[in-house]
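To keep things clear, I will list the structure first and then write my remarks on it.
Values quoted throughout were computed directly from the atomic coordinates according to the rules given, and no laboratory measurement underlies them. This structure is a prediction, so every number in the text was calculated from the model and none was measured. Ideal geometry is used to build each Cβ from the backbone, glycine not excepted, and the neighbour counts take in all protein chains shown.
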Amino acid sequence: MSTITANHLSKQFADVQAVADVSFSVEPGEIFGLLGPNGAGKTTTIRMILDIFKPDHGSIQVFGGKLDMAGKRRIGYLPEDRGLYKNQKLESTLIYLAMLKGLDKRTAEQRLSIWLDRFDLSDFRRKKVQELSRGMQQKAQIIATLIHDPDLIVVDEPFSGLDPVNTRLVKQILEKQRAAGKTIIMSTHQMYQVEALCNRIVLIDKGCTVLYGLVHEIKRNFAGNALLLQGQGDFSHIPGVLESRKENGSWHLALETGTDPQAVLRLITSRENLHLERFELAEPSLEDIFVSVVAGQIKGTQTTELEAAHA
């Protein structure tokens, strides 16, 4: 049984259609990526899943049915907008939040000691939240999300404010939760983290599902939409290319959907100011695919030149 099943969700606020048509399912034992550009409808979708908002149309099932209070206690939610009490002490705040999720005080205290040690926060337990650094507050918020041992974990930008050591720690924790059979929804703009952690993804744009499936299958389907170049000159303004970046002496190009790589090659070799030494198809990253799907829905003004080179 799927932990979450969302069918044709829509939600409108006044004249703004925040979500138009979103469908996906999330299974136990997976880290699922909920992706999209700013304003795509990700947060509204999450809030409908959590029963904070009611959908105007469509249906949601969580744990096989309608989400009730018992079901809500089985959820851990890390929102992008953090919600700790700034003027309260760290320890008392986290114990209070754990008790709201159904833990008795003694159990909350026992679990909290373990989590504080794991995140190297034991020495700060009696500090006010506002006295902690941004990274420490992020770690505290993650503890609040996980302390009650939820079955469904929803994390929005979980690595925000964390240094590389703590980023690795959080990744290890999420992977351990997945191995324990927990369901994890992760929303982030850090595509390399999605690529490292997620089994499946859904990409939302303008309130609609535009890409959905297994990460490795999506990357296979987009093979041919990324190029790796080496040579002399500036390869950043090639028609049919949505995004270009130079790393370690090589150019990485993300192509518009439907662009023929051979047409790009012919165009490059026709330009006297470009000298090509290496040209190959590359496995697209999720970032390349994200750009291709979202930005590629509106073709640039240079399409005509590319089509002329292809003719």
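With R₀ set to 35 Å, the beta-carbon distance separating D117 from K86 gives a calculated FRET efficiency near 0.90. The residue list S23, S92, A70 was ranked by how far each Cα lies along the charge dipole of the chain toward its positive end, using unit charges on Cβ atoms, and S92 comes out on top.
In straight-distance terms, cross-link reach from K66 covers every one of the lysines whose alpha-carbon lies under 16 Å from its own, apart from those fewer than eight places away in the same chain; here that gives K54.
Under 15 Å from a point placed 7 Å out from the Cα of H8 along the Cα-to-Cβ direction: which residues of the range 21-57 have their backbone N that close? Counting only backbone N, you get 21-24, 55-57. I need the calculated FRET efficiency for the pair E283 and D68, taking r as the beta carbon distance and R₀ as 51 Å, to the nearest 0.05. With R0 = 51 Å, the Cβ-Cβ based efficiency is 0.70. Working from label points 7 Å from Cα in the Cα-to-Cβ sense, the E272 to D163 distance is 5.4 nm. With labels modelled as points extended 7 Å from the Cα through the Cβ direction, what inter-label distance (nm, one decimal) is found for Y192 paired with H57? That separation, rounded to one decimal, is 4.1 nm.
Placing +1 on each Lys and Arg Cβ and -1 on each Asp and Glu Cβ, with no other charges, gives the chain a dipole about its Cα centre of roughly 1540 debye. Electrostatic bookkeeping for L276 treats Lys and Arg as +1 and Asp and Glu as -1; over the other residues with beta carbon under 14 Å from its beta carbon, the sum is -1.
Computed over the range 82-149, the range of Cα coordinates on each principal axis works out to 28, 21, 17 Å, biggest value leading. Which percent of Cα pairs goes in each bin when the distances of the chain are cut into 10 angstrom slices starting at zero? So the P(r) values, bin by bin, are 6, 23, 27, 22, 14, 7, 2, 0.
Spatially close Lys pairs in the range 71-141, defined by Cα atoms under 13 Å apart and a spacing of eight or more places or different chains, total 5.
Counting residues in the range 29-186 as N, plug N into 2.2 N^0.38 Å and put the Cα Rg over that result. List each step's numbers first, then the result.
Numbers: Rg = 15.7 Å, N = 158, 2.2 N^0.38 = 15.1 Å.
So the Cα radius of gyration is 1.04 times the expected 2.2 N^0.38 Å.
How large is the helix-only mean residue ellipticity at 222 nm for the chain, computed as the sum of -39500 (n - 2.57) over DSSP H runs with n ≥ 4, divided by its residue count, in deg cm²/dmol to the nearest 500? Calculated from helices alone, the mean residue ellipticity at 222 nm is -10000 deg cm²/dmol.
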